[in-house]
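Only one structure is covered here, and it is reproduced in the block below.
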Amino acid sequence: MNRSVFFISDGTGITAETLGHSLLTQFGCVTFEQVTLPYVDTPERAHAAVRKINEVAAENGNKPIIIDTIVDKDIRRIIANANGCMFDVFETFVGKLEQELGVKPANTVGKHTVDTLAYKTRIDAVHFALDNDDGARTRQYDSADIILIGVSRSGKTPTCIYLAMQFGIRAANYPLTEDDLDGENLPKSLKEHRNKLFGLMIDAERLTAIRNERKANSRYASAQQCQQEIRAIEGIYIKEKIPFLDVSEMSVEEIATRIIQVSGLKRRIG
């Protein structure tokens, strides 16, 4: 089953996307064609959005799903006229909050409060994750909050970036190579930071599929190679008593949250 989804916002659209993705992941049997329309903050832009939605509805033969975080009521009314199934975040939550708090909402389009310290923490953490990706540097591990380890293509890099952007966590990652796995020992640079290590595990079939997208029909992507690496790295995790997580069926958001939960890692922001 295929359905179109529009994330519509009077700002960047990040909030609508984040909320929308959390909802859509509950329906894994459906393939969603996603479109983000940011900065819909004038009637003209709202009418243009409605035209796009109606075009997709006519082309596909079913109503697109609309998830919006638009503050202005007049603009929301325009969007509501589209031939779509609309989920209005402000209509759903703000009215109920107003009733409970007894305070009128600001209703300010695109209003965001900038936390300078949190912003700097987030940017510094992202730079750290990029500088310490794939074992490129190990001399900065003293400054790391956590070091993710695992076989190649097990999700280390996106998880580090997400931990940095969402929580300001300084996360490095180190891929255990075939040489490391053959010896069933941690490299010296990792042993020195044993208390910061966290392992990622992935199903061998899933790993094979991911690697074949990168290097099809190679030894690197073969089922036998993937199985050997997974068995070896699990042995290292158990031998070295490194906490680890099977991420085969997890989104990056869930992986990051579970790592924080299991490791007791403190969020720097959020």
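The values are calculated or read from the model by the stated rules, or taken from the named source; none is laboratory data. The structure displayed is predicted, hence computed values, not measured ones. Reconstructed Cβ throughout: ideal geometry from the backbone, glycine too, with neighbour counts over all protein chains shown.
Key figures for this structure:
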item	result
Some residue of the stretch 30-51 being at pLDDT below 95, of a type in the set (V, I, T) and in a helix (DSSP H, G or I)	no
From V252, V247, residue being touching a Pro at 6+ places or on another chain (Cβ under 8 Å), more than 14 Å from L176 (Cα to Cα) and touching a residue at least 24 places away in the same chain (Cβ under 8 Å)	V252
Within the stretch 55-89, considering residues that are touching a Phe, Trp or Tyr at 6+ places or on another chain (Cβ under 8 Å) and of a type outside the set (V, I, T), the one surrounded by the most Cβ atoms within 10 Å (Cβ to Cβ)	D68
In the stretch 127-146, the residues that are hydrophobic (A, V, I, L, M, F, W, C) and at pLDDT 90 or above	F128, A129, L130, A144, I146
Residues of the stretch 63-103 satisfying the condition of being in contact (Cβ under 8 Å) with a residue 60 or more places away in the chain and part of a loop (DSSP other than H, G, I, E, B)	P64, T69, I70, V71, D72, G84
Matching residues in the stretch 35-54 - criterion: being within 24 Å of the chain's Cα centre (by Cα), more than 16 Å from A82 (Cβ to Cβ) and crowded, with 16+ Cβ neighbours inside 10 Å	P38
Residues of the stretch 196-225 satisfying the condition of being part of a helix (DSSP H, G or I), without any contact (Cβ under 8 Å) to a residue 40 or more places away in the chain and of a type outside the set (S, T, Y)	A204, E205, A209, N212, E213, A223, Q224, Q225
Y141 being under 23 Å from S248 (Cα atoms) and aromatic (F, W, Y)	no
Qualifying residues in the stretch 179-188 (those that are within 27 Å of M250 (Cβ to Cβ) and assigned to a helix (DSSP H, G or I)) - the one modelled with the lowest pLDDT	D180
Residue that is farthest from I202 (Cα to Cα) [pool: residues in the stretch 234-265 that are of a type in the set (S, T, N, Q) and either surrounded by 12 or more Cβ atoms within 10 Å (Cβ to Cβ) or touching a Leu at 6+ places or on another chain (Cβ under 7 Å) (or both)]	S263
Test: residue in the stretch 105-114 that is at pLDDT below 85, closer than 19 Å to K196 by Cα and not in a helix (DSSP H, G or I)	no
Hits in the stretch 51-70 (condition: among the aliphatic types (A, V, I, L, M) and closer than 17 Å to R3 by Cα)	I53, V56, A57, A58, I65, I66, I67
Pair list, Cβ < 8 Å and 6+ apart or interchain, from the stretch 167-195 residues that are free of Cβ contacts under 8 Å to residues at least 24 places away in the same chain to residues that are surrounded by 16 or more Cβ atoms within 10 Å (Cβ to Cβ) and among the acidic types (D, E)	P187/D180
Within the stretch 199-222, tally of residues that are surrounded by fewer than 13 Cβ atoms within 10 Å (Cβ to Cβ) and touching a helix residue (DSSP H, G or I) at 6+ places or on another chain (Cβ under 6 Å)	1
